[in-house]
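Enquirer: What follows is a single structure, and I will ask about it in a moment.
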Amino acid sequence: QLQLVESGGDLVQPGESLRLSCAASGSIFSIGAMGWYRQAPENKRELVAIIITGGSTNYADSVKGRFTISRDNAKNTVYLQMNSLKPEDTAVYYCNVLGRISSVQSVRSYWGQGTQVTVSS
């Protein structure tokens with residue numbers, strides 16, 4: 001099985017920065033796209049940023065220019081650098097990975113347990 005462990009969530013003030021990390025471990029044959037989603041109370045889970053194997057990225061309009069997604073393929077880790085945080089960024093942030101645990105398995109979607117980001121003065 002493939003496991004994802006997230007870290008980096010915290011309580012910060014508006015304008016401050018945080019860096020989230022998500023490391024994949026376990027039985028890994030290959031990893032494709034890696035992304036971050038978030039879910040605020042009473043809201044649907046939404047895409048924040050995604051990065052594919054070649055390094056191309058895509059961002060939600062609400063975070064463009066403030067957040068940067070990156071990945072370290074050698075460490076099977078994806079990062080989300082969040083700058084100029086706003087109260088509306090408050091949510092549980094989830095890591096998502098498209099991967100395979102063997103050569104005969106099809107690509108599956110894996111989720112982390114979530115990490116809380118709270119932006120408040």
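Enquirer: State whether the residues of the range 21-36 include one that is closer than 23 Å to PRO87 by Cβ, touching a residue at least 40 places away in the same chain (Cβ under 8 Å), in contact with a strand residue (DSSP E or B) (Cβ under 6 Å, 6 or more places away or on another chain) and surrounded by fewer than 16 Cβ atoms within 10 Å (Cβ to Cβ).
Expert: no
Enquirer: Still on this structure, please answer the following. Among the numbered criteria (1) closer than 27 Å to GLN1 by Cα; (2) under 14 Å from the mean Cα position of the chain (by Cα); (3) open to solvent by 20 Å² or more (accessible area, probe 1.4 Å), which one does LEU80 miss?
Expert: (3)
Enquirer: If you don't mind, there's one more thing I want to ask. Taking only the range 9-41 into account, find how many residues are on the phi < 0 side of the Ramachandran plot and assigned to a strand (DSSP E or B).
Expert: Here the count works out to 20.
Enquirer: Criterion first (out of contact with any Asp or Glu (no Cβ under 6 Å at 6 or more places or on another chain), open to solvent by less than 50 Å² (accessible area, probe 1.4 Å) and either among the hydrophobic types (A, V, I, L, M, F, W, C) or more than 17 Å from GLN116 (Cα to Cα) (or both)) does ALA40 satisfy it?
Expert: So ALA40 passes the test.
Enquirer: Still on this structure, I have one more. For GLU6, all conditions in the list (1) open to solvent by 50 Å² or more (accessible area, probe 1.4 Å); (2) in a strand (DSSP E or B); (3) of a type outside the set (A, V, I, L, M) hold save one; what is the number of the exception?
Expert: GLU6 satisfies every listed condition except (1).
Enquirer: Which residues, taken from the range 100-118, are in contact (Cβ under 8 Å) with a residue 60 or more places away in the chain, open to solvent by less than 70 Å² (accessible area, probe 1.4 Å), more than 30 Å from GLN13 (Cβ to Cβ) and over 12 Å from the mean Cα position of the chain (by Cα)?
Expert: ARG100, ILE101, SER102, GLN105
Enquirer: Could you list all residues from the range 64-86 that are out of contact with any strand residue (DSSP E or B) (no Cβ under 6 Å at 6 or more places or on another chain), over 16 Å from GLY9 (Cα atoms) and touching a residue at least 12 places away in the same chain (Cβ under 8 Å)?
Expert: Scanning the range 64-86 gives ARG66, ASN73, LYS75.
Enquirer: Moving to a separate point now. Can you confirm whether SER70 is exposed (fewer than 13 other Cβ atoms within 10 Å of the Cβ) and closer than 17 Å to LEU98 by Cα?
Expert: no
The values are calculated or read from the model by the stated rules, or taken from the named source; none is laboratory data. Bear in mind that the values here come from a model prediction, so they are computed numbers and not experimental data. Cβ sites come from the backbone with ideal geometry, for glycine too, and all protein chains shown count toward neighbours. The accessibility values were calculated without ligands, DNA or RNA, using every heavy atom of the protein model including side chains. Shrake-Rupley method; radii C 1.70, N 1.55, O 1.52, S 1.80 Å.
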